[in-house]
Amino acid sequence: MFMQESQPRFVPLAAKSVVCHTITYFLMGALAYNFLHYAATINNPNSGMRPTTSTWVLLGPALQIFRGILFASVFYLFREQLFGRRDGWLRMAWMLIGIGILGTFAAPPGSLEGFIYTKTPALSQTKGYLEVVTQAVLLSALLCYWVNHSGKKWMNWTLGVGYALCAGFPLLALVAPKR
């Protein structure tokens, strides 16, 4: 049963979007790094990626605040279609997958343009779906559940602590003594 309250205001939606995105981003990134063997790709000097020890990489989870706000600015425009509906999370997931992953204007691996314009084999391109599609689905389900059940204080605390851990742990590497 969904709460039948008015639609979410922007600031609370943005805060919840930042928290849910950062948690799912960190979780799926950590899983992908370990199970999809991203270390070999990232540590290749010709990968175009910054090393995992880079300050920018360590700031990555904390900087997801900007993407969370960006997502919220889109979700807010479609709030009647996304929140308070049983299938709202599926609609949100499809928005993220359809436009953000498959239909992006750039040509990253796994996008429609990536299949056309890059030399990367199709199977290699789709490997990333395990990470990004799963994150889109998890983000959508978690955010819609939280917005639809916003009166659950335990959820506010649990996700707030989860956010602090996901955004904060990588920052500890910046202050840890170097060996």
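The values are calculated or read from the model by the stated rules, or taken from the named source; none is laboratory data. Please read all numbers here as calculations on a predicted model, not as lab measurements. Cβ coordinates were reconstructed from backbone atoms using ideal geometry, including for glycine residues, and neighbour counts include every protein chain displayed. Accessible surface areas use protein heavy atoms only, side chains included; no ligands, DNA or RNA. Shrake-Rupley method; radii C 1.70, N 1.55, O 1.52, S 1.80 Å.
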Tell me, Kirkwood radius of region 65-118 from alpha-carbon pair distances, in Å?
12.2 Å
Compute the distance in nm between two label points, each set 7 Å from the Cα along the Cα-to-Cβ direction, one at Glu80 and one at Leu27.
3.2 nm
Scan around Ser150 for amide H atoms under 5 Å from its own, H built in the peptide plane at 1.01 Å from N, and keep only partners 5 or more places away or cross-chain.
none
Calculated diffusion of region 72-179, Stokes-Einstein form, Kirkwood radius summed over Cα pairs, 25 °C and 0.890 mPa s, µm²/s:
150 µm²/s
Using only alpha carbon pairs under 8 Å that are at least six residues apart, calculate the relative contact order of region 39-109 and give it in whole percent.
11 percent
Are there chymotrypsin sites (Phe, Trp or Tyr not before Pro) in region 1-63 that DSSP marks as loop and that have at most 14 other Cβ atoms within 10 Å, and which are they?
Phe2
Regression test value, accessible area per residue of region 131-179, probe 1.4 Å, units Å², expected 59 Å²
If I model a spin label as a point 7 Å beyond the Cα along the Cα-Cβ vector, how far apart are those points for Phe169 and Thr52 in nm?
1.2 nm
For the chain, with all protein chains present and a 1.4 Å probe, just round the carbon and sulfur fraction of the accessible area to a whole percent.
69 percent
Along the charge dipole of the chain, Cβ charges K/R +1 and D/E -1, which of Gly114, Val57, Ile42 sits furthest on the positive end?
Val57
Rank these residues by their accessible area, most exposed first, probe 1.4 Å: Phe78, Phe71.
Phe78, Phe71
Please identify every one of the trypsin sites (Lys or Arg not before Pro) in region 1-87 that sits in a loop by DSSP and has no more than 13 other beta carbons within 10 Å of its own beta carbon.
Arg9, Arg86
Plugging the Kirkwood radius over Cα pairs into Stokes-Einstein for region 108-168, at a temperature of 25 °C and a viscosity of 0.890 mPa s, what D comes out in µm²/s?
174 µm²/s
Cα-Cα separations in region 1-75 greater than 15 Å, expressed as whole percent
65 percent
Calculate the dipole size of the chain relative to its Cα centre from +1 charges on Lys and Arg beta carbons and -1 charges on Asp and Glu beta carbons; express the result in debye to the nearest 20.
300 debye
What helix-only [θ] at 222 nm does the chain give? Using -39500 (n - 2.57) per DSSP H run of at least 4, over all residues, to the nearest 500, the answer is -21500 deg cm²/dmol
Relative contact order computed over the chain (Cα-Cα under 8 Å; 6+ residues apart), in percent:
33 percent
